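What follows is a single structure, written as C-alpha cells, with notes after it.
The values are calculated or read from the model by the stated rules, or taken from the named source; none is laboratory data. The structure displayed is predicted, hence computed values, not measured ones. Methodologically, a virtual Cβ is constructed for each residue, glycine included, from the backbone with ideal geometry; neighbour enumeration extends over all protein chains shown.
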Amino acid sequence: MSRFVVSASTGSYPVFVQSDVPGIKEIPEHLFANDGRIILITDERVAGFHGATIEKHLVGLGFHPVVLTVPAGERAKKPNTVIRLCREMLQHGAQRGTPVCGFGGGVVGDIAGFVASIYMRGVPLLHIPTTLLAQVDSSVGGKTGVDLPEGKNLIGTFWAPSFVWSCTSFLSSLPARRVREGLSEALKYGYIARPDLLDRCLQIPPRSPNEDPDRLSNFVFDCISVKADVVTKDEHEKGLREILNFGHTIGHGIERIMGYRKITHGEAVAIGMVAELALGEVLGVSPKGIAQDASERLSRIGLPTMIPSGIDAQTLVEAVSHDKKNVGKKRTIITISTPGTPERIQLTDRELLKNLNLAQCAVINR
Ligand SMILES: NC(=O)c1ccc[n+]([C@@H]2O[C@H](COP(=O)([O-])OP(=O)(O)OC[C@H]3O[C@@H](n4cnc5c(N)ncnc54)[C@H](O)[C@@H]3O)[C@@H](O)[C@H]2O)c1
Ligand SMILES: [Zn+2]
C-alpha cells in the first residue's frame, strides 16, 4: 500500500492506493462519531459489482453502513438527487458527525462530496473511487457539484475529504472504454508534469488493466500524486491548477457540440490534447512533431485523436468560448514546450480560429 498526504485549507488528508481490498486500518477516530454510522453513496452499477465487498469491509472496520444508491451515469448528477439523498439521510438519522462515503466513479464522488458539504452545513467525507478516472483525477482536489440543464458542474463547492482510498482491484470490472478515459487523463499528467507516464500509459491494457496489479497501483499512485501536487499548490483554482486543463479547453468544446453524448470526456480530452499541441506547434511554443507523437500514443491506447468530421473550426471556437472557465475575452490554452513543461497561451477568439485553421490539417477529420 502506498500513501501520501494532501494539504487543504480545511486540513490535510491522506490518500491510500493499494491493489487489493481490504487493507485500510488507519481510519481517523472522528469518523466513528454517531456510533459508527456511515452513509455509503454509490450507484446501481457499482453496487451490483462491488457493494457487498465494500459493505463487508466497512463493517469489519467497525462502521454501520447505510447504503443509498443513485442511478449510474451522469444523469444522476442533478440537484434533485442531492435533495433526495439529504432527505434519506435525515430519515436514517444522519447527524452532524456522520460521515458520507462516495463509492463509485466521478459522478458518485461529485454528488457525495456535494451532499457532504451541505448536509447540516457540512459532514466528513470519504472517497472510495472505483473508476480509473476517479482514482487518478476526481477523488483528489475537493471539487464537488452537480449539473444544471444549462450546463455541467454549474453548482458545487470545494469540500476536502477526510481520506481517499483507491483500491485498484475494483477496476477489474470496468469496461475498456472507461479505462481508456482514465488513461487519457494519465497521459495528460505525463505531458504536464511526469514524462515517464507517457510510456507507462501504454503498458496498462484497457481490457485487463489489472493484469499486473502492482504495475496498476504504482501507476495510479504516480498519477494522483501529480494531481495532488498541483491542487496542494493551488487549491481554489487561482492559477497553477489551470495546467490540469491541458486538452480540456478544446475537449470541453467538443463535448458541448456533441451534447455530452456519443463521446466520453476522456475521448474529448484526447482529441483536445492533440489539437492544443498542434496549436502550440503553429505558434512556435511546442516542438514540431509533438502533436503527431501524442496522436500515435493515444491511438495505441485506442483513443480518438481527430476532431470529428462535421465540426469546423468556427463552430469549435464558438463552443470553446462558452466554457465557464473563460474569463474576459482571451481563451487560455495549455500546451507543452517539452514533455513535463506546460505553457500557457492566451488567444482571442479570432486568433484561436486563425491558428486552428492553420493547424487543422493535423487535427480536423475530413
Ligand atoms: N471533482 C473533480 O475534480 C472532477 C474531476 C474530473 C471529473 N469529474 C466528474 O467525474 C464524472 C466522470 O467520472 P467517471 O468517468 O468516473 O464517470 P461515472 O462515475 O459515471 O462512471 C462511469 C460508469 O462506470 C460505472 N462504474 C464505476 N465504477 C465501476 C467499476 N469498478 N466497474 C464497473 N463499472 C463501474 C459507473 O456506474 C458508470 O456507469 C463527471 O461528472 C465529471 O464532471 C470531477
Ligand atoms: Zn478531465
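Touching a residue at least 12 places away in the same chain (Cβ under 8 Å), out of contact with any Asp or Glu (no Cβ under 6 Å at 6 or more places or on another chain) and among the charged types (D, E, K, R), is that true of Lys233? Write out each step before concluding.
On the way: touching a residue at least 12 places away in the same chain (Cβ under 8 Å): no; out of contact with any Asp or Glu (no Cβ under 6 Å at 6 or more places or on another chain): yes; among the charged types (D, E, K, R): yes.
It is false that Lys233 is touching a residue at least 12 places away in the same chain (Cβ under 8 Å), out of contact with any Asp or Glu (no Cβ under 6 Å at 6 or more places or on another chain) and among the charged types (D, E, K, R).
Could you check the stretch 133-169 and list, in sequence order, the residues that are surrounded by fewer than 20 Cβ atoms within 10 Å (Cβ to Cβ), aliphatic (A, V, I, L, M) and modelled with pLDDT of 95 or more?
Hit for the stretch 133-169 is Ile155, nothing else.
Condition first: touching a residue at least 40 places away in the same chain (Cβ under 8 Å), of a type in the set (A, V, I, L, M) and either under 15 Å from Gly105 (Cβ atoms) or outside the structural domain of Cys223 (by TED's automatic domain parsing) (or both). Can you find one or more residues in the stretch 136-143 that meet it?
yes
Please count how many residues of the stretch 83-132 are surrounded by fewer than 24 Cβ atoms within 10 Å (Cβ to Cβ), among the polar types (S, T, N, Q) and within 20 Å of Ala52 (Cβ to Cβ).
Counting residues in the stretch 83-132 that are surrounded by fewer than 24 Cβ atoms within 10 Å (Cβ to Cβ), among the polar types (S, T, N, Q) and within 20 Å of Ala52 (Cβ to Cβ) gives 0.
Look through Val285, Val269, Val320 and report the one residue that is surrounded by fewer than 19 Cβ atoms within 10 Å (Cβ to Cβ) and touching an Asp or Glu at 6+ places or on another chain (Cβ under 9 Å). Talk me through it step by step, then tell me what you get.
Numbers: Val269 fails: surrounded by fewer than 19 Cβ atoms within 10 Å (Cβ to Cβ); Val320 fails: surrounded by fewer than 19 Cβ atoms within 10 Å (Cβ to Cβ).
Criteria check complete, one pass: Val285.
Can you tell which of Ser173, Ser184 is near ligand 1 (Cβ under 8 Å from one of its atoms), among the hydroxyl-bearing types (Ser, Thr, Tyr) and modelled with pLDDT of 95 or more? Steps first, please.
Details: Ser184 fails: near ligand 1 (Cβ under 8 Å from one of its atoms).
Result of the check over Ser173, Ser184: Ser173.
So which strands (runs of 3 or more DSSP E) stay within the stretch 77-148 end to end and still have 1 or more residues that are within 16 Å of ligand 2 (Cβ to nearest atom)? Steps first, answer last, please.
Values: elements: 100-104, 125-129, 146-148.
Counting at least 1 such residues, we get 125-129, 146-148.
Looking at the stretch 209-216, is at least one residue outside the structural domain of Lys188 (by TED's automatic domain parsing), over 24 Å from Arg75 (Cβ atoms), surrounded by 23 or more Cβ atoms within 10 Å (Cβ to Cβ) and not acidic (Asp, Glu)?
So in the stretch 209-216, the residues outside the structural domain of Lys188 (by TED's automatic domain parsing) come out as none.
Taking every residue of the stretch 209-216 in turn, none turns out to be outside the structural domain of Lys188 (by TED's automatic domain parsing), over 24 Å from Arg75 (Cβ atoms), surrounded by 23 or more Cβ atoms within 10 Å (Cβ to Cβ) and not acidic (Asp, Glu).
Can you spot a residue in the stretch 242-250 that is within 15 Å of ligand 1 (Cβ to nearest atom) and among the aliphatic types (A, V, I, L, M)?
Yes, that holds for at least one residue.
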